[in-house]
Amino acid sequence: MRKTFQLTQEGRHPDRVLEAVKHEIRKYLKRERRRELPEGVDFLDFDCRCGAAKDTAEVVHLSALMASLDAVAKAGATEAYVEILAKPGVRRARPPGTSANDDHPAQSVDAPDHTAPTTEDPAA
């Protein structure tokens with residue numbers, strides 16, 4: 001998908017127009033993920049760019065696409081360019097000797113490794 005979205009429409013609040021653009025992008029991603037994968041491909045990965053114009057669009061990660069779109073709208077742009085290109089993705093095996101808990105991206109540096117409830121009752 002390579003598309004320039006209008007962020008202003010007469011008679012509509014700019015926030016509602018932005019939400020409609022986000023909805024269209026999410027629909028596109030959902031439709032692409034439903035497609036049958038080619039042989040040897042584990043998942044679809046997406047290359048994304050977003051900006052006020054095609055020339056000024058910057059590469060962003062898919063998870064940061066909506067925030068980037070919000071930043072373009074907040075800057076006062078009247079249109080936003082969004083480019084989302086699907087590419088095949090293949091999972092790589094973990095190196096021997098590592099586990100799924102090692103270096104997990106969702107784990108923060110200062111959080112404890114194990115958060116199981118303790119048997120001690122602090123109210124007692």
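The values are calculated or read from the model by the stated rules, or taken from the named source; none is laboratory data. Computed from a predicted model, the values in this text were never measured in an experiment. When we count neighbours, we look across all protein chains shown, and the Cβ atoms used for this are built from the backbone with ideal geometry, even at glycine.
Observations on the model:
- Reported count of residues in the range 66-86, each being under 18 Å from Gln6 (Cβ atoms), part of a helix (DSSP H, G or I) and free of Cβ contacts under 8 Å to residues at least 60 places away in the same chain, is 6.
- Residue tally, condition out of contact with any Lys or Arg (no Cβ under 8 Å at 6 or more places or on another chain) and either more than 17 Å from Gly76 (Cα to Cα) or assigned to a helix (DSSP H, G or I) (or both), over the range 3-54: 32
- Qualifying residue in the range 90-108 (condition: touching a Cys at 6+ places or on another chain (Cβ under 6 Å) and at pLDDT 60 or above): no
- Top-ranked residue in the range 28-50 [being surrounded by fewer than 12 Cβ atoms within 10 Å (Cβ to Cβ) and in contact with a Gly (Cβ under 9 Å, 6 or more places away or on another chain); ranked as nearest to Thr4 (Cα to Cα)]: Phe43
- Of all the listed residues (Ala77, Ala53, Ala73), the sole one being among the small types (Gly, Ala, Ser), in contact with a helix residue (DSSP H, G or I) (Cβ under 8 Å, 6 or more places away or on another chain) and surrounded by 12 or more Cβ atoms within 10 Å (Cβ to Cβ) is Ala73.
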